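The block underneath contains the structure these notes are about, expressed in C-alpha cells.
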Amino acid sequence: MIDGPAPTMARARRLRQEDAAAFQVHEYRRLEESRARQQALGAITHWLPAPGATKVPQAGPLSGFDAALKANIAAAGAPTHCGSLFLEDYRSPFDATVVRRLREAGVHFSAVTAMDEFGMGSSSEFSQIGRPVNPHDPRLSAGGSSGGSAAAVAAGHVYFALGSDTGGSVRQPAHCCGVVGLKPTWGRVSRHGLVAFASSLDTIGVLARCVADAWDVLRTMAGADPLDATSQDQPALESDYLTEQSWRGVVCAVPEDLEAWDVDHAVLAHQKENEAHLRSLGATLQPVPLKRWGDGLAIYTVLNAAQAASNLQRFDGTLYGRRGAGSSHRESLVAGRTAGFGPEVQRRILLGCHVLSGGFRDRYYLRARAGRQALTENFRHLFGGADILAGPTAPTAAFPLGTRLRDPVAMRRSDIFTVPASLAGLPAVSLPTGTDPAGLPLSLQLVAPWWRERRLCALAASLESSLGKGDSRG
Amino acid sequence: MAETAGFTVGLEIHVRLNTPHKIFCYCPNRADGAPNTHTCPVCLGLPGTLPVLNPEVKEPALRLALALGCTIARVSEFSRKNYFYPDLPRNYQITQQRWPLATGGQLEEVGLERIHLEEDAGRSRHQDGGWNLVDLNRAGTPLAEIVTLPQLRDGAGARRVLARLRQLVRYLGISDGDMEKGSLRCDANVGLGPGHSQAGPWVEVKNLNSLRFVQKAVDQEIQRLGKALACGQPLRRQTRGWDPRTGQTYAQRLKEELADYLYFPEPDLPPLVISAAAIEAVRRNQPELPGARQARYEESWGLSRDDAATLCRTPQLADYFDTTVQELRTRGFREADGAAEAARWILSRVLAAVDGKDESLKVIPLQPSGLAALLAARLDGRRTRQQILTIWEPAMRGEDPVSLVEREVPPGPSREQIQTLAQQILARDAHLVARFQAGNPALLNHFLGNVMQATKGRAEPRTVKEILLELLAGFSP
C-alpha cells in the first residue's frame, strides 16, 4: 500500500494516522533498502546512534522523522568534520541551536552528510571525507557544497537534511538532485553551531522533498537566539502549517537577458516553460535586466575568501584538530594546516589574506563591500515593483564529476544565479519543476524580499502542487 | 639635552573592566583560578561558536569616556585583528578599529585620540624544552584601550598621566587599576616631532606594568634615540620589550617584520549603538571625580593642596575622610573645623596604620563614626590631643571609642576649676600681670604654662588661654 518513492513528512503523517503499524514496518524496510545503497552514493559519512529509550521523541510536531546533518553543523558528540581532514577526529561538545530546536520538536538526527571542505565548492568533490554522487546518475555530481545532504534526501535516506548556504550551497545541490532547497533570510536562523565559512553570507537551510516539509523545518528552527547576535525574530514566522497562496495578480520578475548568460539550452527552454506556466497561474511577469548579477560572482569571491581566511585561522591544532610536527608553534601549525586543508581551502585562504592585506584592502575588500551594497540596493529597487523573482537555480543541470575540478572559475560559475540572493541576504527556494531531455532535474529559483519566507513558501507550494508534486503527490 | 628636545611620547593604556563576566560570553571575568577553568566553547573559540557582546561592558566604558571628556560615538563597530598566537584561541582578536566607541578627550596634559573596547588574550608561559603552557582564563576578558596623542615629553609626564588614569578608574569603580595584576597595562610610543611626524613612532615599548617602569622606559628610549641621532646612526622602527630584572628595554622585532593584521569589520557582531538616553543615564550617575573632590577640599574646607591631593589619592581614602567630616557635622561641628581636625589625624595616624593599602580602610576596626567620636571630644574641648593619643592605639584595635573617651581618660578640669586655678596664679604673680598690662604680651605664655602645670596638662590649652585673656582684661591688682 505504500510503494513508490520515499514519502514527504506531510504524507507520512497521514499514512501513520491511517495505519501506524503498517507504516512503521514499511518505513523500516524502505530505509533498509535506501541505506543499502548509501555506500555507493557516499552521501552519508557517519550514522549517529538512535536516541536512547529515555530520549524517545515526545509528541513533537516533527516526532518520528529522521534527518541528516551537514558535517559543518554541531551536535554534541557527533563528528563535525566539515569535510576536512583537519577536523577528521573532532567531536563537538555542544549542540547547534537549530539541532536543539529540531530535537525538541521530535526530530532524530540519524546521519552526518558529506560536503565540500568547509563549504568551499559546488560539486562536493572538494570533500576530504566521503564523496557523494548524484542519486539520479552516479557519474554526475550531486552539487555542493551541501551535496551529501541533497543526495541523502533525494535517495530517501532521511526525510530532510540541514545544509548551509553561503552562495548557493543548499539551492544548487537541491537543483542537481531534484529536491527542494530553502535558504532563509540572513539572520532568520541562528548560526550558533554552524562552523563559520563566510559569516556575513552563511545561512542554515533545509533540503526536503516538498515545500511544506521545508517550511515545517524552517519555522521550527527559526527565530532570535541569544547565542547569535545577528539572529532576529522580526517579523516572526507564524507557527502554523503552510497554506498555499494563489499566483493570481502576483507580480513576478523574470530575467530578461538570460540569453547573454552562457546558460544551457535545456535550462533556457525550461525557464521559458516555467514562465508560461506562471503566467497561466495568473502571475504578471515583469522582465528585468540582471546585469548586476555578473558582478555578483566577483564580489562574492572576494568577500567570501576574506572572511573564510579569518574564520579558518582558529584551526591551529592547539586545542583540537590536526597538529603538525615542528619545533615551534608556528612550524607545527603550518605543517598541520598544510596537511589538513585541501587545495580549494588553501586557495581561498591565500586569496582572502591577499585581498585584506595592506595595499589591496581598498582595491578589493572595500570595493567588494561597496559592490555588495549596490547590488542590495538593486534588489530593493526590484522588490519595489515586484513581489517575487523567478529564474533558474543554476546555468546547467547536474554536471559530470571531474569536469570542473581543475577549473575553479567554471566551478564557481555554477553559483552565478544563487550568489546574488546570498549577497543581499534574501530568502530563496529552489524548486524542482521539470527535467532536461536526459531526464535530469531542473529547477526554478524563487527569491522573495527580506523576511518574506512565509509568502515565498506559500507561492512555491502552490506552484509545486500545480505541477502535481509536493504534499499531494503519490 | 638639545637632541632630545624634539621627542614626543604617546601612551596606549589597557584597562581591564571589572564586569562580572567576559565581554563576549558569560564566563566569569577572572584572570585567576586554576588554569582554563573560566572558559566555555565561545571563549575557547570552538568551531561554530559566535561572540555576543555582553551588555555589562557598556556602562563602565561610558563612565570612562565621559570622565575623560570624550565624544561618544552613537554607533561604533567591531573589527577582527588577525594574527596567529597560541593564547589567542580564534587567532584573531575582536577589537574596535575604524569606528571606536569614543574619540577626543583629555587626561592631564595630554589629549586623547580614542577609547575602544576589545577582548584580552589568554596567557602563555614558556616551559623548558620548547613547550608552551596556555591559560585561557583571561581570554575574552573585557578591556578598554585608551590611546593618547603623542604630546608627552618625558617619563615623568608619562608616569603622571598613567597615575591619574589609575586614580580615575578606581574612582569610577570600573577597574581595580592594579598594574601588578595586569588590570592596567601600558605601552609607550616614542617618536619625533608633533604627531610623530606622520610616520608614526620610532619605538613602541610593550607591556610596562608599573608606574616606575613606564617612567624609566620612556626616559631610556628618549636617551637611546637621542644618542643615536647625535651620532648620526639611522633610526629603525621597532617594538621593544621591558625587562624588569635588568631595568632595561630590549629589541623585540623591527617594524618591517610586523604582521599585517588584515583588519576587517567583524561580521558576527552588529554595530554597537549607544542611545542619547543611555549616555545621559550614565552621566547622571557619575560619581564625584578626583579633581572635583580635591578642589572641594581645598576651596570649601581650606585644606592645603598637598593634604587635599593625598586624601584624594584613592576613593577609599577620600570616602573615609569625607564620612568622618560628615559624622562630625552631625555632631554639630562646622565642616571646615571637622575637616581640618580629621585631615590632621587621618594623614598622620590612620595612613600610618593602613600602610599604603587604602582598600583596607573599609575593614579596619576604627571606622569614620568612631574616629568622629574621638575627634569630637577633642574639638569640643573635653579632651586634649595628648589624651586622645593615649587612647588611640586601643581605638585602632577596635575598642569602642565612645567608652574609651568616657571611661579610660580621667576627665580634664572643668571651666570653673580652671578659672579658680588661674585666679590664684594671677594673684600670686600680680607684678607680672602689671607688666603684661603695660605691654608685654609674651607673658601670656608664662601664665598659660603655669595653669597647665597646675592642671597636670589635662586642661585644653585653648580654653585656658581664653580664660586667662578674660581674667587679664578685667584684672586689677
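Here the residues B:Ile94, A:Ile299, ranked from fewest to most Cβ neighbours within 10 Å of their Cβ, fall in the order B:Ile94, A:Ile299. 3J(HN,Hα) couplings calculated from phi for the stretch A:158-166 with the Karplus curve 6.51 cos²θ - 1.76 cosθ + 1.60 (θ = phi - 60°) are, in sequence order, 9, 6, 8, 9, 8, x, 10, 10, 9 Hz; Gly and Pro show x. Cross-link candidates for A:Lys70: which lysines have Cα within less than 28 Å, leaving aside residues fewer than 8 places away along the same chain? Of all the lysines, those that pass the test against A:Lys70 - Cα under 28 Å, at least 8 places apart if same chain - are A:Lys55, A:Lys183, A:Lys469.
Take the Cα of A:Leu319, step 7 Å toward its Cβ, do the same at A:Ala370, and the gap between the two points is 3.8 nm.
Legend: distances between Cα atoms for B:Lys58/B:Lys81; B:Lys58/B:Lys362; B:Lys81/B:Lys227; B:Lys81/B:Lys362; B:Lys206/B:Lys227; B:Lys81/B:Lys181; pairs beyond 32 Å are B:Lys81/B:Lys227; B:Lys81/B:Lys362.
Between A:Ala50 and A:Lys291, full extension at 0.36 nm per residue minus the direct alpha carbon distance yields a gain of 81.8 nm.
Given R0 = 30 Å, the distance between the Cβ atoms of A:Thr338 and B:Cys40 translates into a calculated FRET efficiency of 0.50.
Give, as a single signed number, the net charge of other residues whose beta carbon lies under 12 Å from the beta carbon of B:Gln151, with Lys and Arg counted +1 and Asp and Glu -1. Net local charge, B:Gln151 excluded: -3. The phi-based Karplus calculation (6.51 cos²θ - 1.76 cosθ + 1.60; θ = phi - 60°) puts the 3J(HN,Hα) values of the stretch A:435-445 at 9, 8, x, 7, x, 8, x, 10, 9, 10, 9 Hz, whole numbers, x for Gly and Pro.
Each of A:Leu87, B:Leu168, A:Leu237 was scored by other Cβ atoms within 10 Å of its Cβ. Arranged with the fewest first, they read A:Leu237, B:Leu168, A:Leu87. Classify the stretch B:288-408 from the C-alpha gyration tensor, please: rounded if a/c falls under 1.5, else prolate or oblate depending on whether a/b exceeds b/c. It comes out oblate by the Cα gyration axes. Assuming charge only on the beta carbon of Lys and Arg (+1) and of Asp and Glu (-1), the dipole of the protein assembly as shown about its Cα centre is about 1160 debye to the nearest 20. Summarising the strand pairing of the stretch A:1-131, around 45 percent of its internal DSSP beta bridges are antiparallel. Across all C-alpha atoms in the stretch B:415-473, the radius of gyration and Dmax reach 10.4, 31 Å. What you get for the stretch B:2-282, charging only the Cβ of Lys and Arg (+1) and of Asp and Glu (-1), is a dipole of about 400 debye around the Cα centre. In chain A, helices alone account for a calculated mean residue ellipticity at 222 nm of -11000 deg cm²/dmol, with every DSSP H run of four or more residues adding -39,500 (n - 2.57). Dipole size of the stretch A:292-374 about its Cα centre, with +1 on Lys/Arg Cβ and -1 on Asp/Glu Cβ: approximately 140 debye, rounded to the nearest 20.
Distant-in-sequence amide contacts of B:Asp260, defined by a placed amide H-H separation under 5 Å and a gap of 5 or more residues or a different chain, comprise nothing. For A:Leu268, project a label point 7 Å along Cα to C-beta. Then give me every residue of the stretch A:363-397 with its amide nitrogen under 13 Å of that point. Output list for this probe position: A:396. Across the stretch B:2-282, the relative contact order, built from alpha-carbon pairs under 8 Å that are at least six residues apart, equals 25 percent.
When the P(r) of the stretch B:324-477 is calculated, the portion above 29 Å amounts to 32% of the C-alpha pairs.
Length, then width, then depth: along the principal axes, the Cα atoms of the stretch A:86-154 run 38, 28, 16 Å. Counting, for every residue in A:313-323, the Cβ atoms of other protein chains within 10 Å of its Cβ and taking the mean gives 5. Approximating the spin labels as points 7 Å out from Cα along Cα→Cβ, the A:Glu256-to-B:Arg344 distance works out to 9.5 nm.
Scanning residues 5 or more positions from A:Thr203 or on other chains, those with amide H under 5 Å from its amide H are A:Asp165, A:Thr166, with H placed 1.01 Å from N in the peptide plane. Between A:Ala59 and A:Leu405, what FRET efficiency follows from the Cβ-Cβ distance if R0 is 51 Å, with the result rounded to 0.05? Efficiency, rounded to the nearest 0.05: 0.60. Here A:Lys70, B:Lys206, B:Lys216 are placed in order of increasing Cβ neighbour count within 10 Å, fewest first, which gives B:Lys206, B:Lys216, A:Lys70. Rounded to the nearest Hz, the phi-derived 3J(HN,Hα) couplings of the stretch A:188-198 under the Karplus curve 6.51 cos²θ - 1.76 cosθ + 1.60 (θ = phi - 60°) are 6, 10, 4, 8, 4, x, 8, 5, 5, 10, 10, where x marks glycine and proline. Here r is the Cβ-Cβ distance between B:Arg305 and B:Val273 and R0 is 45 Å; the resulting FRET efficiency, rounded to 0.05, is 0.55.
A cut-off under 12 angstrom between Cβ atoms defines the neighbours of B:Gln419, and their net charge, with Lys, Arg +1 and Asp, Glu -1, is -2. Panel note: the C-alpha atoms of the stretch A:292-374, placed on their principal axes, show extents of 48, 23, 19 Å (largest first). Taking a ≥ b ≥ c as the square roots of the Cα gyration tensor eigenvalues, with a/c under 1.5 meaning rounded and otherwise prolate when a/b beats b/c, else oblate, which class fits the stretch B:151-304? Verdict is oblate for the stretch B:151-304.
Of the GluC sites (Glu not before Pro) found in the stretch A:234-312, those in coil by DSSP whose Cβ has at most 10 other Cβ atoms within 10 Å are A:Glu238. Taking amide H as placed 1.01 Å from N in the peptide plane, the amide H of B:Ser79 sits under 5 Å from that of B:Thr95, B:Gln96, B:Gln97, B:Glu266, each at least 5 places away or on another chain. Across chain B, C-alpha contacts under 8 Å between residues 6 or more apart give a mean separation that, scaled by the residue count, equals a relative contact order of 13 percent.
Shape of the protein assembly as shown from the C-alpha gyration tensor: prolate (a/c of 1.5 or more and a/b above b/c, with a ≥ b ≥ c the square roots of its eigenvalues). Of the peptides A:436-442, B:148-154, the order by per-residue mean of other Cβ atoms within 10 Å, starting with the highest, comes out as B:148-154, A:436-442. Can you give the net charge of the other residues whose Cβ lies under 12 Å from the Cβ of A:Ala105, counting K and R as +1 and D and E as -1? For residues surrounding A:Ala105, the net value is +2.
The numbers here are math on the coordinates, done by the rules we state, and not lab data. The structure presented is a predicted model; accordingly, all values stated were derived computationally and were not measured. Reconstructed Cβ throughout: ideal geometry from the backbone, glycine too, with neighbour counts over all protein chains shown.
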